[in-house]
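Here is the structure we will look at.
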Amino acid sequence: MMTSKFGKAPEVKAGNHGKDAFFSENRRNLLKEITGIAAIGVLASAPIPVSASEANSRAALPARQPGVHDYDVIIANGLVILEQGETLTDVAIKNGKIAAIGSSLRGAEQVIDATGLVVSPGMVDAHVHINEPGGGIRNDWEGYVTGTRACAKGGVTTIIEMPLNQLPATVDKKTLEIKYAAGEGKLVIDVASHGGLVPYNVENNGIKEQSDGGVVGYKCFMATCGDPSIKGDFLNVDDYSLYEGMRQIAKTGKVLMIHAENAAITDRLEQIAYKKGHVSLKSYVATRPVFAEVEAIRRAVLFAKITGCPINFCHVSSPEAVEEVIKARGEGVNITCETCNQYLYFVTDELDEIGPLAKCSPPIRDKIAQDGLWRHVLAGNINFITSDHSPCPAKLKNKKNAFDAWGGIAGVQNDVDIFFDESVQKRGMPLKQFARLIASNPADRFALHTKGRIAIGKDADFTFIKPNSPYILRAEDLEYKNKISAYVGRKIGARIVRTVLRGETVYSQEDGLTGSFPGRYIKV
Ligand SMILES: [Zn+2]
């Protein structure tokens with residue numbers, strides 16, 4: 001559905017060439033086209049791929065001692081995205097860690113043939129809302145089982161889970177422990193947590209307690225959020241609590257995730273539009289103008305300069321927002337920003353056709369803004385991609401008046417396939433940059449030292465992507481508790497065919513999802 005200023009990458013036809021199709025002359029040309037000369041150098045010196053049958057026979061080769069294998073798993077013949085670029089090679093796994101990378105690895109209990117597939121680091125999605133526990137009010141929102149199964153199916157091997165929309169919200173030691181307990185034994189992939197910064201926890205040691213409890217970062221809202229009538233719900237910061245919270249977070253060394261929109265302006269514009277009887281998503285977008293995002297970023301940057309707090313701007317939706325981040329970066333602020341697939345995929349003009357499933361805040365912007373965002377993604381000015389998976393029951397989306405609908409898009413299951421299609425296949429992004437945006441950059445930013453890259457000693461977390469294999473997303477494909485998403489009905493040009501968590505396959509296209517729960521909480 002998208003056209004690009006960057007030109008369309010040449011199409012590679014899968015054809016009937018079987019396993020060699022992806023590595024055919026066409027593919028090499030495509031890679032030359034999309035990865036540049038350096039990466040092709042890696043490819044050119046890569047070993048010649050061995051056949052699937054040869055790969056499978058490796059498992060049967062005698063090990064050094066009878067019954068003892070050097071490795072638990074070898075992933076053979078994939079186009080593996082390493083830090084320096086992609087190469088045709090094998091990866092060996094032992095005890096859940098990457099033990100070797102090379103072309104003639106032998107002696108594993110299991111060999112997984114990845115011929116024709118891109119082997120990427122599993123995605124680290126730093127912005128996901130799981131709504132468990134629901135506190136009796138949000139019990140039918142997303143849960144740990146459904147949410148992490150959706151991740152596994154979509155190639156996401158680690159999420160950093162948000163402190164809000166579950167009840168109670170995560171704001172101190174007690175509520176963090178409630179959340180950990182709610183997910184115990186229900187995780188298919190690994191889960192780290194963001195603590196909360198709210199006006200009511202800056203004076204009761206809540207920030208430090210959450211750091212001691214292992215959160216990897218914090219989240220706050222400058223835009224209005226939460227329901228003050230619900231006990232324990234998350235609430236947005238005022239300027240004092242933002243400043244004071246940043247002062248405290250700076251001492252932990254962790255990063256504050258900020259939803260940056262000016263609350264007074266967006267609230268008032270919304271009230272006025274509502275009173276006038278506006279009901280469309282397009283008019284909802286108009287109540288959350290770009291300058292409201294920019295103003296909040298400037299204010300938070302100033303506080304970050306004063307407090308020394310490392311910050312990340314969540315879901316930036318406009319090039320103007322990114323330009324503020326670039327400026328602050330140049331001034332020495334410890335600052336990053338993320339954007340989400342939805343801002344890179346949808347545009348304002350189509351929102352009313354899709355309906356409230358595409359409602360979120362900041363809102364989906366116009367084509368000019370989207371092109372600007374893509375420019376910043378490709379230029380490396382946006383640090384990572386997240387889903388901001390923010391699901392809710394269908395009844396909260398089925399509203400005639402868009403202003404009455406819940407704002408949030410369910411998308412974690414399509415993090416990787418959509419972004420691969422839109423960035424690598426449609427806009428020619430090099431694979432190593434793709435892997436940085438979905439995995440190594442977020443892992444580094446939140447100190448997830450065992451995650452995010454295919455390198456010896458790291459956790460053996462992978463997603464296998466089948467390029468150029470379009471499918472249409474159906475509601476029944478979704479693993480969410482509420483099988484609704486703005487992406488349903490869309491043609492997605494790549495497919496996740498396997499997800500591996502610490503050496504264990506948790507999803508494959510052939511066998512479906514694991515029935516077990518090998519995921520763990522990550523506490524730092
Ligand atoms: Zn969010």
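No lab work stands behind these numbers, since they all come straight from the coordinates. What you are looking at is a predicted structure, and each value in this text was computed from that prediction instead of being measured. Here the Cβ positions follow ideal geometry from the backbone for every residue, glycine too, while neighbour counts run over all protein chains shown.
When you count the other C-beta atoms within 10 angstrom of each residue and take the mean per peptide, 471-481, 508-518, 457-467 line up highest first as 457-467, 471-481, 508-518. Compared with the alpha-carbon gap, the fully stretched path from D238 to Q110 is longer by 40.6 nm at 0.36 nm per residue. Here the Karplus curve 6.51 cos²θ - 1.76 cosθ + 1.60, taken at θ = phi - 60°, turns the phi angles of the range 107-114 into couplings of x, 10, 5, 9, 10, 9, 7, 10 Hz, with x standing for Gly and Pro. Each residue, K305 and K523, gets one label point 7 Å from its Cα in the Cβ direction; the gap between the two is 3.9 nm. Taking the range 126-170 and a reference point 7 angstrom along Cα→Cβ of D511, the backbone N atoms nearer than 15 Å belong to 153. According to the calculation over all Cα-Cα pairs in the range 318-417, the P(r) per 5 Å bin from zero is 2, 13, 21, 21, 18, 12, 8, 4, 1, 0 %. Put in order of Cβ neighbour count within 10 Å, fewest first, the listed residues D233, D388 become D233, D388. Close amide H contacts of V506 (hydrogens built in the peptide plane, cut-off under 5 Å, sequence separation of 5 or more or a different chain): T499, V500, L501. When only the Cβ of Lys, Arg, Asp and Glu is charged (+1, +1, -1, -1), the dipole of the range 388-524 relative to its Cα centre reaches about 320 debye. Pairs of Cα atoms nearer than 8 Å and 6+ residues apart set the relative contact order; for the range 277-342 it is 34 percent.
Compared with the dominant principal axis of the Cα atoms in the chain, helix 144-154 is inclined by about 50°.
Give the calculated FRET efficiency between I368 and V68 to the nearest 0.05, with a Förster radius of 45 Å applied to their Cβ-Cβ distance. That pair, I368 with V68, gives E of 0.15.
Fully extending the segment from D212 to R298 would add 28.0 nm, taking 0.36 nm per residue of separation and subtracting the current Cα-Cα distance. Scanning residues 5 or more positions from L82 or on other chains, those with amide H under 5 Å from its amide H are T87, with H placed 1.01 Å from N in the peptide plane. A cut-off of 5 Å between modelled amide H atoms, ignoring neighbours fewer than 5 places along the same chain, links V156 with M123. Of all beta bridges that DSSP places with both ends in the chain, some 45 percent have antiparallel geometry. Taking the empirical scaling 2.2 N^0.38 Å for compact globular proteins as reference, the chain has a Cα radius of gyration ratio of 0.95. If R0 is 45 Å, what FRET efficiency do you get for Y180 and E331 from their C-beta distance, rounded to 0.05? With R0 = 45 Å, the Cβ-Cβ based efficiency is 0.75. If every alpha-carbon in the range 77-157 counts as one equal scatterer, what log10 I(q)/I(0) does Debye give at q = 0.26, 0.27 1/Å? Calculated log10 I(q)/I(0) at the listed q: -1.28, -1.33.
Between F291 and A475, the modelled labels are 4.1 nm apart [label points 7 Å from Cα along Cα→Cβ]. Multiplying the residue separation of K231 and E320 by 0.36 nm and subtracting their alpha-carbon distance yields 28.4 nm. Applying the Karplus relation 6.51 cos²θ - 1.76 cosθ + 1.60 with θ = phi - 60° to the range 80-91 yields 3J(HN,Hα) values of 8, 8, 9, 3, 8, x, 8, 8, 7, 7, 10, 10 Hz, where x marks Gly and Pro. Summing Cβ point charges (Lys, Arg +1; Asp, Glu -1) relative to the Cα centre of the chain gives a dipole of roughly 300 debye. The Rg/Rh ratio for the range 156-208 is 1.00, where Rg is the radius of gyration of the alpha carbons and Rh is the Kirkwood radius.
In order along the range 186-198, phi translates into HN-Hα couplings of 10, 9, 8, 10, 7, 10, 9, 10, 8, x, x, 10, 9 Hz, rounded to whole numbers, per the Karplus curve 6.51 cos²θ - 1.76 cosθ + 1.60 with θ = phi - 60° and x for Gly and Pro. From the alpha carbon centroid of the range 461-476 to that of the range 259-295 is 35 Å. Neighbour counting of Cβ atoms within 10 Å sorts the residues H127, H376, fewest neighbours leading, into H376, H127.
In terms of other Cβ atoms within 10 Å, K174, K276, K359, K208 run from fewest to most in the order K276, K174, K208, K359.
Based on DSSP H segments of at least four residues, each scored -39500 (n - 2.57), the chain has a per-residue ellipticity at 222 nm of -9000 deg cm²/dmol. Think of the range 125-224 as having a plus end and a minus end, set by charges on the Cβ of Lys, Arg, Asp and Glu; of W141, N165, H194, W141 sits farthest toward the positive end of this dipole.
The simple Förster model, with R0 at 35 Å and r as the Cβ-Cβ distance, assigns A455 and N401 a FRET efficiency of 0.10.
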